[in-house]
Amino acid sequence: MVTADTVSSFLNRWISSGHKIDQECVPVILAALVKIAQSLQPSTEWPRLPREIYHLTRDVFARSLEIRPLFLTACGFEPNTFFQSVLNGLLQYPGEVDDTLCDESVAGSLDIASTFLQKDCVIVENDTIQIVLRAMFEKLFDPQKLCFKNDYTRSKAFDFMNVTLTRAKDTTGFELICTMLKGFVQASTIPVEWPYIPKNSRRNHFVGLRNLGATCYQNSTLQQLFMVPQFRQLILTADVSGANVTEFFSQLRSLFGFMQLSLRQYCDTQPFFATCTDPDGQPANPIIQMDVDEFFNQTMDRLEHELRGTPMASEIARPFAGKFVQKIRSLDCEHVSESFQPFHTLSVDVKNAHTLEKSIEAFFAGEHLDGDNKYKCDECNKHVDAVKSTSIRHLPPTLIVHLKRFDLDLETMRRTKIHDRFEFPEFIDMIPYTSRGPDETGDPKPLGYRLTGVLVHSGGTADAGHYYSYIRSPKPPREDWFEFNDRSISPFNINHLEDACFGGYDARRVVRDAKEVVVNVPRTRSAYMLFYERHDDPMKMESAVPDPDLLPEIIASVESDNLNLIGDILLFDEGFCLAMNRMIMDMSKTIARDHPTYYNVLDLAWRVLFTVVIRVKTKDNATLEYWFTLLEQLVKNSPHSVPFLKEAFKEDNFRFALLHCPEQHVRGLTSECVIKVLGGVGEYSRSALHSVLEASIISVSHLVHVSVVERGTNFTDLVSLMSRLLDSGGELAANVMFSNHIIRSLAIYTKVELEKRIYRTNEQNRVAEPAPRPTEPAVALIRKLLDFLSPEEIFAGSDDRVEALEDVAELADVSDLSNGRLQFWRLQIVLCQSSTDILQILQIIRRLSNYGGFSEAIVYLALRELSKGTSNPNNLPNYIDEARKWSLVVIAAMGDDVDQEVVQKRNDSIVNLIVHVSPHDPKRSHRALTNL
C-alpha cells in the first residue's frame, strides 16, 4: 500500500529535479496522486505533506482535466468521491491552533477543492452548496466557531467559498451569503481609531490601562495591586452579599476581571474613575494628578468601609496589612507601655539615607525621653526617664515601602522633589525590625522579602510628572520583569534597575560666564513605592495562589468583549477587503442587474466599503481605489441603483467618510465616487438621476450644516462637492440646495470666518499680517447659486429663504459679494415683507449707494412698492429726498469719470419717482423737481 510518506518522498524528488508538469509526466504523477486519494483521508494524514505537494496535486489535476479528462477514470479515480472526501474533511476540521502557523493540510485541501469546482468536474447540488456556504462562513467569521486563522489559510477559504458560490444554480446562495455578510458587518462596533488595526489591539503579556489625561497615578497603582495574586483573588471572588458596596467596588472588580481575561491591549478606566473622589470627597478630575501613596491609602480605606459588616472587611487588606508596636520602657521603674498601630505602607525617608536599610534603621531607632521630655508613668504617677521604640509586631505578605521623595518647602509652601540617590536591594530581611522571637511575631521562620514591584515617578517636580511601574510576573517558571506604562506593557531588564529607579545626579560640563564648570543634573526618574513579597526561601519564589474563579457575570462580560475584538480582527483586515471585492465582483457578473437579489449585492458592497474598507490600514491605496471603482461599476444600468442610492446617501458611515474621516485621500475618493455614481445613474435614466441627485444634495447639505456647527470640519471639501453637484444638476440642484437652507449655512460660515482677526507674525519685522481666509469656496458657491435662482423662485418659498438671503446680503459689508444682482435681491427681500416700512427701503438705498450699477432695479422696485398703495403716504415725500441724495452721492463717487449719460439716466429715474408721488403731495414734488 502506498503511504503518504512514500508519495511525498517521490514527489519531493520530482520537484527538486526541476521537472515541469507537461503532457508526458501527468500520467506518472497522477497515478501516484490517485493512490493518495484512494488510501488517505485529508483530515488525518494530509498534514504530514508539505505545501508544495498540495500545489503539485492541484496543478496536476488541473492539467489532467485540460489535456486528458478521461485519464482520471482510466486510473480508477472517481472525482466526485475524491471531492466529497476532501469536503467532509473540511467540514469536520476542528481548527488551527492560532494565526501564526498555517495548517498546510486544510490550506491544501481548500486549494484542491477549489480547483475541482473551477474545472466543473464534480457534481454539486444546491443543498450541498448551502451547507458548504454556511459552514465556511462560520469557520471564517464566527469568533466562537473560528477554524481558519492563518492569513494564507483564510485566503484559500475565501477562494473556495467564492468558487462554491458561483456554482449555485439559482440566487439562493447569493441571498444567503449577502444576508450573513451584512449581518457580520452590521454587528461590528464602529471604531474611533483611524485607521483601525484591531490586530494591534491584542494584549501582549498583560492588559494595560487607558490614561484619561493625568490618571497615570491611578493606573500604576492598580497595576501593582492587580499583580499581587492574593489581593487580585480577594477582589475577584469576594462574597459581598449583605455589604453596602457602591459602584466603586463593583467597577474595581469589573476592571480586574478585564485585566485578567481580556484579549485587548488595554482596558478603559473611565467607568472606574467615575466612582473615584479627590481628597476633599469631590469627584476626581482626570487632568489633576494625585499622589500615588495617597491614592493607595484612600482606595484601601474605601474598600474596608464598603465591606464593613462582612467577613471580607478584614480580609480585603490582609495582603498589605501590618502592625506596629510602640513600647515605652521606663529607666526608673519596671513598667513598660505598649500600643499598637496598623499600617498598609511603611513610609521611610530618602533624604540623607542613601539606602533602604539605613532608612528603615532610622525609622525604627529608639528615642530617649528625658529632661523636659520625660515620660509620665501612669503606674507610678510621676515623670521618669524612658526609651521609646517602634518595631513591627506583624508583617504583611506584601510589604509596601513608601519613599518620601516629596518634601514641603516651608519658605515657598510648595512640595519639592528630593532627587538624592537611594538604593534598595532585591532581597531584604525584616527580622531586625520586628519584636524578634516567635512569642511576639507568631512566626519563627525567616522573614525574608523579595522585590516584586517598583512604582516610579518621572519628573523634576512633585506636582507634575508621570507615574509608571516595573513589576515581576508572579507566575513561575518565567519570573520576568515588565514595564507597565499605562496601556503599554513591555519586557524590562532587571539589570537596568539602578539606572531606572535609584535617582541621584549626573555630573555634566557646562559653560557659564565663558568658563567650563561641572554641575550636578538630577535624574528625573526615581522609585517612589517599593513592593516586596514575603517568602521562606530567598532562592525560590513561587506563587501558591491559583488564578481565581471569576464570577459568571464578569466572565460573560469579558468574553463578549473578546468575541467583539476577534470579530473586528477578522473584519477590519486587508485580506477580507480584497476577498469581498472579488466575491462581489463575481456576484455582479452572475446576477442579472434587474434581479431583486442585485439590490442586496449593492447594499453589501456599500456597507463593506463605508464601514470597513475606508478604515482598514493597507500597504497602499490600491485596495481602496479598487472598491470605489467596483461601486461605480455596480450602479450602472441597474433599476435598483435609484432606490438603493436614495437610502444609501442617508447612511451614517457614508456621511462619516465625507465629514469626519481624517484622511484627505478617503474624503476625496468618496466625493469623486458620488459624482461618478450619479453619472452612472444618468446613463441609465435622466429622470432617475434627478431623484438620486436630490438625495445626494440633501445628505451633503446636512453635512454642511453640521460642519458649520462644528466650526468648519472639512468645510472646504464639502463645499467643493456641493459645487460639483450644482454643476451636475444645474437649476434643479440649485433649488434643492436652496430648499435645504444651504445658502444660509454658507453665509453664516463666511461671516464668522471674515469676522475673525487672525494674524501671522513676521519673525523678521514683527509686522502683523492678515492670515489667509478660507472663505473663497463658500463665496464662489453662493455666487453660482445666485446665478441659477430667480427672485420668483426664491420668494415662493418660506421665510427661511428670505432670512437666508438677508444673511447673504449682509456679506456685502465684509466681502466682494456686493454686486448689483445681490443688492437687487436685497431690495426684493425687503419689498416682499408686507410689514416693511418704506423708510427701510430708503435706508438700504442710502447704505448701498456707493456700490452703484443697479439704479434701474431700484426705481423698478420702488415704483412696484408705491403702486401697491400699502405704504404710509406721509413717508412718500421722504423717498424723493432720499432718492435725490442717493443719486448725488453716486455721481460724486464717480469723480472725474462722470458719464453724463449715466447722470441723465439716473435723473430721469428720479423724475419718474417724483411724478409718481405728485398726486399725493404736489408741493413737495414741485420743490423736488426744482432742486433736481
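Which of the trypsin sites (Lys or Arg not before Pro) found in region 685-730 are loop residues per DSSP with 16 or fewer other Cβ atoms within 10 Å of their Cβ?
711
Give the shape of region 230-327 as rounded, prolate or oblate, defined through the alpha-carbon gyration tensor: a ≥ b ≥ c are the square roots of its eigenvalues, a/c under 1.5 means rounded, and otherwise the shape is prolate if a/b is larger than b/c and oblate if not.
oblate
For region 114-258, with all protein chains present and a 1.4 Å probe, just round the carbon and sulfur fraction of the accessible area to a whole percent.
That fraction is 48 percent.
Per residue, how much accessible area does region 117-237 show when a 1.4 Å probe rolls over the protein heavy atoms, in square angstrom?
Per residue, region 117-237 has an accessible area of 39 Å².
Order these peptides, 323-329, 502-508, by their mean beta-carbon neighbour count within 10 angstrom, highest first.
323-329, 502-508
Counting heavy atoms of the protein chains only and a 1.4 Å probe, report the per residue accessible area for region 322-534 as a whole number of Å².
54 Å²
Past the 20 Å Cα-Cα mark, which pairs from 351/417; 182/676; 145/182; 169/646; 119/636; 327/376?
Exceeds cut-off: 182/676; 169/646; 119/636.
Tally Lys and Arg at +1 and Asp and Glu at -1 over the other residues with C-beta under 11 Å from the C-beta of residue 591: what net charge comes out?
-2
Could you provide, to the nearest whole Å², the per residue accessible area of region 611-759 with probe 1.4 Å?
The answer is 41 Å² per residue.
For region 88-137, what does the alpha-carbon gyration tensor say about shape, rounded, prolate or oblate, given a ≥ b ≥ c as the root eigenvalues, a/c under 1.5 as rounded, and a/b over b/c as prolate?
Oblate is the answer for region 88-137, as a/c is 1.5 or above yet b/c matches or exceeds a/b.
Taking amide H positions as placed 1.01 Å from N in the peptide plane, with prolines and chain starts having none, which residues 5 or more places from residue 487, or on another chain, fall under 5 Å of its amide H?
Residues meeting the criterion, in which the H sits 1.01 Å from N, are 209, 211.
Gap in Å between the Cα centre of region 638-686 and the Cα centre of region 155-192?
Going from one Cα centre to the other spans 23 Å.
Carbon and sulfur atoms: what percent of the 1.4 Å accessible area of region 322-534 do they account for?
So the carbon and sulfur contribution to the accessible surface is 45 percent.
When DSSP beta bridges are limited to those with both residues in region 322-534, what percentage is antiparallel, rounded to the nearest 5?
90 percent
Give the shape of region 322-534 as rounded, prolate or oblate, defined through the alpha-carbon gyration tensor: a ≥ b ≥ c are the square roots of its eigenvalues, a/c under 1.5 means rounded, and otherwise the shape is prolate if a/b is larger than b/c and oblate if not.
oblate
Restrict the search to region 352-414; then list the GluC sites (Glu not before Pro) that DSSP places in a loop and that have at most 12 other Cβ atoms within 10 Å of their Cβ.
When the GluC sites (Glu not before Pro) of region 352-414 are filtered for loop state and at most 12 Cβ neighbours within 10 Å, 379, 411 remain.
Starting from the amide H of residue 528, placed 1.01 Å from N in the peptide plane, find each other amide H under 5 Å away whose residue is 5 or more places distant or on another chain.
455, 456, 457
Given contacts defined as C-alpha pairs under 8 Å and at least six residues apart, what's the relative contact order of region 322-534, whole-number percent?
20 percent
The values are calculated or read from the model by the stated rules, or taken from the named source; none is laboratory data. Here the structure is a predicted model, which means the values were calculated and not measured. Positions of Cβ are backbone-derived with ideal geometry, glycine not excepted, and every protein chain shown enters the neighbour counts. Side chains are part of the model used for accessible areas, which takes the heavy atoms of the whole protein and leaves out ligands, DNA and RNA. Shrake-Rupley method; radii C 1.70, N 1.55, O 1.52, S 1.80 Å.
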